[in-house]
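The values are calculated or read from the model by the stated rules, or taken from the named source; none is laboratory data. All values reported here derive from a predicted model rather than from experimental measurement. Cβ coordinates were reconstructed from backbone atoms using ideal geometry, including for glycine residues, and neighbour counts include every protein chain displayed. Just so you know, the surface numbers come from the protein's heavy atoms only, side chains and all, with ligands and any DNA or RNA stripped out. Shrake-Rupley method; radii C 1.70, N 1.55, O 1.52, S 1.80 Å.
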Amino acid sequence: MKKIVLNALLVSAVAFTACKNDKSNETQPEDAQEVAMASEEQGATFSVDSSATVIEWEGEKPTGSHMGTIKVSEGNFTVNDSAVLSGNFTIDMNSIEVTDLEGDQKANLEAHLKGTVDEKQDDFFNVKKFPTAKFEVTGTSKSEDGKTLLEGNLTIREETKNISFPVSISQEGDMLTLTSEEFTIDRTKWNVNYGSKSVFEGLKDNFVYDDIQLKIDLKAKKS
C-alpha cells in the first residue's frame with residue numbers, strides 16, 4: 001500500500017512540475033523591429049473599442065497562481081481582408097485587476113503588482129513611473145502548423161522587445177475581432193524582476209515564476 005501511495009505522489013509531482021514548466025506558445029523576445037506602416041488606401045482603419053477589449057493574465061509561484069485582467073486604453077489597426085497591415089494598442093497599467101481574490105487580499109495583490117505599496121521599492125510594474133505599456137505591429141507570418149502569427153514590439157517599463165504569438169482575426173461588418181491564443185512572456189526580459197529566482201539569489205521558495213501567461217481579446221470598430 002505504501003508503495004502504491006508513493007508512486008501516486010510521484011506521478012502527481014511530475015504532472016504538477018510539467019504544468020509549471022509548460023512552454024507552449026512561449027515567445028522568444030528579440031530586438032525591436034521597424035514598425036509596420038500602412039496608408040488608408042491600402043486598407044480599412046479600425047479603432048480599438050477599449051470597453052470591449054481585455055487582456056487576461058496569469059502568474060505563478062510555488063504555492064499557487066493568480067489571474068486577472070488588464071485594459072487597453074486606445075489603439076488602431078489598418079486591415080485588408082482580415083490581414084493586419086499595421087496597428088498598435090496602449091495598455092493601461094493602472095487597470096491591473098486580480099480576479100481570483102476578494103477584499104483585502106485582492107486589494108493588496110493589486111497594489112503589489114502596481115508597485116504602489118512602497119514608493120521606495122521598485123515593485124513589479126511600478127505604474128507611477130511606467131503608467132502604460134504598448135504593442136506596435138511589425139508584421140505577420142505563418143507558423144509551421146499554419147497559424148497566423150502577429151509580430152510586434154512590446155514595450156513595458158520603457159524596455160522594447162519584438163515578440164510573436166498566434167492570433168485569429170475576423171471581420172464582420174464594421175467590427176474587427178483579434179483574439180490571441182494563450183502565450184507566455186518572460187517578464188525579466190522587460191526588467192520586471194521582482195521575486196525572480198533567475199535574477200536574485202537566496203529566495204529559496206519565496207519567488208515568483210518568470211513566465212506570465214497572456215491572452216488578448218481585442219475588438220475594434222471601423223473608423
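May I ask which of Lys106/Lys197; Lys129/Lys197; Lys71/Lys129; Lys61/Lys128; Lys71/Lys197; Lys61/Lys204 have a Cα-Cα span longer than 21 Å here?
Details: Lys106/Lys197 24 Å; Lys129/Lys197 24 Å; Lys71/Lys129 18 Å; Lys61/Lys128 25 Å; Lys71/Lys197 28 Å; Lys61/Lys204 12 Å.
Result: Lys106/Lys197; Lys129/Lys197; Lys61/Lys128; Lys71/Lys197 exceed 21 Å.
Spelling out what I want: for every residue of the stretch 164-174, take phi, set θ = phi - 60°, compute 6.51 cos²θ - 1.76 cosθ + 1.60 (Karplus), and round to whole Hz; glycine and proline get x.
9, 7, x, 9, 10, 10, 9, 10, 9, x, 8
Run the simple label-point estimate for Glu159 and Ser51 please: 7 Å along Cα→C-beta, distance reported in nm.
Placing both labels 7 Å beyond Cα along the Cβ direction yields 3.7 nm.
When the helix-only estimate is applied to the chain (DSSP H runs of n ≥ 4, each -39,500 (n - 2.57), divided by the residue count), what is the mean residue ellipticity at 222 nm, nearest 500 deg cm²/dmol?
After summing the helix terms and dividing by the residues of the chain, the value is -4500 deg cm²/dmol.
With a point put 7 Å past each Cα toward its Cβ, work out how far Glu172 is from Ser196 in nm, to one decimal.
With each label placed 7 Å out from Cα toward Cβ, I get 4.0 nm.
Convert each backbone phi in the stretch 184-190 into a coupling constant with the Karplus relation 6.51 cos²θ - 1.76 cosθ + 1.60 (shift: θ = phi - 60°), then list the ³J(HN,Hα) values in order as whole Hz, x for Gly and Pro.
Using θ = phi - 60°, the values come out as 10, 10, 8, 4, 5, 5, 10 Hz.
Go through the stretch 54-63 residue by residue and turn each phi into a ³J(HN,Hα) via Karplus (6.51, -1.76, 1.60, θ = phi - 60°); whole Hz please, and just put x for glycine and proline.
For the stretch 54-63, the Karplus curve yields 8, 10, 8, 9, 8, x, 10, 9, x, 8 Hz.
Please report the orientation-averaged projected area of the chain, defined via the convex hull of its C-alpha atoms, in nm².
15.9 nm²
In square angstrom, what is the accessible area per residue of the chain with a 1.4 angstrom probe? Display every interim value, and only then the final one.
Working: 12890 Å² over 223 residues.
Ligands and nucleic acids excluded, the figure is 58 Å² per residue.
Per the 1.4 Å probe, what fraction of the accessible area of the chain, in percent, lies on carbon and sulfur atoms?
Within the chain, the accessible surface is 48 percent carbon and sulfur.
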